[in-house]
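Peer 1: This is the structure I have questions about; it appears just below.
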Amino acid sequence: MRRAFELGLAVATGLALAFLLLPMVALFLRISPAELADALTSEVALDALWVSLKTGLIAHFFVLLVGTPAAYFLATKRFRGRGTLVTLVELPLVLPPAVAGIALFALFGRLGLLGRTLDTFGIQIPLTQTAVVLAVIFVAAPFYIRQGIASFEAVDPLLTDASRTLGASPARTFRRIALPLASSGLGAGSALAWARGTGEFGATIMFAGSLQGVTQTMPLAIYAQLDLNRDIAVAIGALLVLVSLTVLLSVKLLPSWTRFTSPSFIRSAPSG
Amino acid sequence: MRSRAWLLTVVLLAASCGGDDSGGSAELDGLTVFAAASLTEVFEEIAPDATFNFAGSDELATQIREGAPVDVYAAASPRYPNELAAEGFLRQPQVFATNRLVVVVPPDNPAGIRTVDDLSRDGVRLVIGAEGVPVGDYTRSVLETMGAEDVLDNVVSNEQDVKGVLGKVVSGDADAGFVYVTDAKAAGDDVESIALPAQPPVEYPIGIVAETENLEAAEAFIELVLSEDGRQALEGAGFGVP
């Protein structure tokens, strides 16, 4: 009986792993290393790589710049409606990408809430590289801010209090105490946000369109090449699997990652 | 309670079948048709009971090659039906409609487009079909015929089907786009059309997918499209019929 149960667990695990990993194995088997290298050096693939890198870096810069203080604020201040705010920040995490796309249109489209005003100044955002950056920020920022809040909450308040009583300003306390202590958690959040941003597809293709070398990121290039040149689509797909694996490993290998995701543990832990 | 709901369904179904049914569409239940995005409105009108998947003809061809469970394929270009027929995925396709290309602009025409020449002006935001998508290939061939390839420098997005082009013009986020006359007509007052001096031959073939499990329904559907009713619906939507 017990043997049967154990066997059942093992079989279920095997099935789950096979189902999750076989598609990626098939992807790599569909193309030889030589073809892979060939396809990856095609103009379409290189353009897509460049667009993804450029828009990703710009988006990530803003995610870190604005997300870090915002996460610190939400983690350390206690005020009415804080819980609601945290939940609202997380909303894009569960929002279907198509909704993100149409919502960005509703705001920035030429007839949109803000777009109408921007248009009178001759500024148009949809179907430009700026639109790609905005779409990436929209879907990726919540990953970072969420992780940032957890990381800052995990910083022992005794340490920040000590810093304040010793005469350090709030800004100095943030910079010298909170930020270094939260850094590995923030690093993990940053990696996750980067991965989500790199994979962004739905909102981008709706809101930014698809133009090689301008708005066609790697996921969009996969979609565009699927019917034109399957090798290139497969090659970019394989590259993205490797990128994702790297991100995942770097998150796993960050030492204090698990500690900082569990504020309840920190609260009961001895300080120091 | 449950059996009463079931009975009600049966009665309603019977009533709907006995109604003003224009002949034979009930037998299209369970039929799956893959059709070019530009056929959306007219096919929905011709056979409301069939299940449709409207997308770019190239994307649909890829799905058929990958074994999608589909009975009929109607494309906006002979290219993909011919390829599929040669590979054994599609039975002999036949042309059932023709179309024309047109430039559409938003009703307020923000970029002041009057002629095709205006499309190459600096700052015009043009949206067209991607390469490989029939409407995109037709657009490129028309521009080539007219010697106006510089217009392509103003493209801000290559869309995966014609409705993607139309949508971005309707929303006003593109200044102009190349679509079929039929799409412009379906959009009504949401766009204004500018006729093109040159036209590619736009032909729509339809064929039965080789591995269909609904052969009779597939034949009935094609018959319906080729019938007098079908031709009238196509002409009403702005298509040409051979």
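Peer 1: Does B:L84 count as within 12 Å of chain A (Cβ to nearest Cβ) and touching a Gly at 6+ places or on another chain (Cβ under 9 Å)?
Peer 2: When the stated conditions are applied, B:L84 does not pass them.
Peer 1: Here's something else I'd like to know. If you go through region B:117-131 one residue at a time, how many are crowded, with 21+ Cβ neighbours inside 10 Å and part of a helix (DSSP H, G or I)?
Peer 2: 1
Peer 1: Kindly list, by first and then second residue, each pair from a residue in region B:51-72 that is within 14 Å of chain A (Cβ to nearest Cβ) to a residue that is acidic (D, E) and surrounded by fewer than 18 Cβ atoms within 10 Å (Cβ to Cβ), limited to pairs with Cβ atoms under 8 Å and residues at least 6 apart or on different chains.
Peer 2: B:A61/B:E83; B:R65/B:E87
Peer 1: In contact with a helix residue (DSSP H, G or I) (Cβ under 9 Å, 6 or more places away or on another chain) and either more than 14 Å from B:A97 (Cα to Cα) or of a type in the set (G, A, S) (or both), is that true of B:G238?
Peer 2: In short, yes.
Peer 1: In region A:73-92, what residues are surrounded by 14 or more Cβ atoms within 10 Å (Cβ to Cβ) and touching a Pro at 6+ places or on another chain (Cβ under 8 Å)?
Peer 2: The answer is A:V89, A:E90, A:P92.
Peer 1: Just to confirm my filter: which helices (runs of 4 or more DSSP H) fall fully inside region A:1-82 and include at least 1 residues that are of a type in the set (F, W, Y)?
Peer 2: A:2-29, A:43-76
Peer 1: Shifting gears a bit: Pick from A:E43, A:E90: which is within 14 Å of chain B (Cβ to nearest Cβ) and among the acidic types (D, E)?
Peer 2: Just one listed residue meets the conditions, A:E43.
Peer 1: Give me the pairs, please: first residue somewhere in region A:99-110 and surrounded by fewer than 20 Cβ atoms within 10 Å (Cβ to Cβ), second residue anywhere and aliphatic (A, V, I, L, M), beta-carbon distance under 7 Å, and either six or more positions apart or on two chains.
Peer 2: The qualifying pairs are A:I102/A:M206; A:A106/A:L113; A:L107/A:L113; A:L107/A:L114.
Peer 1: Quick check on region B:198-212: of everything there that is within 30 Å of B:E149 (Cα to Cα) and in a loop (DSSP other than H, G, I, E, B), which residue is farthest from the chain's Cα centre (by Cα)?
Peer 2: Taking the candidates together, the pick is B:A198.
Peer 1: Pairs please, first residue from region B:102-125 and within 16 Å of B:L143 (Cα to Cα), second anywhere and of a type in the set (S, T, Y) and not in a loop (DSSP other than H, G, I, E, B), Cβ atoms under 8 Å, 6+ apart in sequence or on different chains.
Peer 2: Every condition considered, the pairs that remain are B:V102/B:Y180; B:V102/B:S193; B:V103/B:S193; B:V104/B:S193.
Peer 1: Is there a residue in region A:127-147 that is farther than 30 Å from B:D173 by Cβ and of a type outside the set (K, R)?
Peer 2: Yes, the conditions are met somewhere in region A:127-147.
Peer 1: When region A:106-125 is examined, which residues are found to be in contact with a helix residue (DSSP H, G or I) (Cβ under 6 Å, 6 or more places away or on another chain) and facing chain B (nearest Cβ under 10 Å)?
Peer 2: Matches in region A:106-125: A:F108, A:G109, A:R110, A:G112, A:G115, A:I125.
Peer 1: Please report, ordered by residue number, the helices (runs of 4 or more DSSP H) entirely within region B:132-197 with at least 2 residues that are away from chain A (no Cβ under 11 Å) and surrounded by fewer than 24 Cβ atoms within 10 Å (Cβ to Cβ).
Peer 2: B:134-145, B:181-187
Peer 1: Given the residues A:S151, A:S169, which is the only one that is surrounded by 23 or more Cβ atoms within 10 Å (Cβ to Cβ) and of a type in the set (S, T, Y)?
Peer 2: A:S151
Rule-based calculations on the coordinates, nothing more; no lab input. Predicted model only: the values in this text are computed from it and were never measured. No Cβ is skipped: glycine too gets one built from the backbone with ideal geometry, and neighbour counts run over all protein chains shown.
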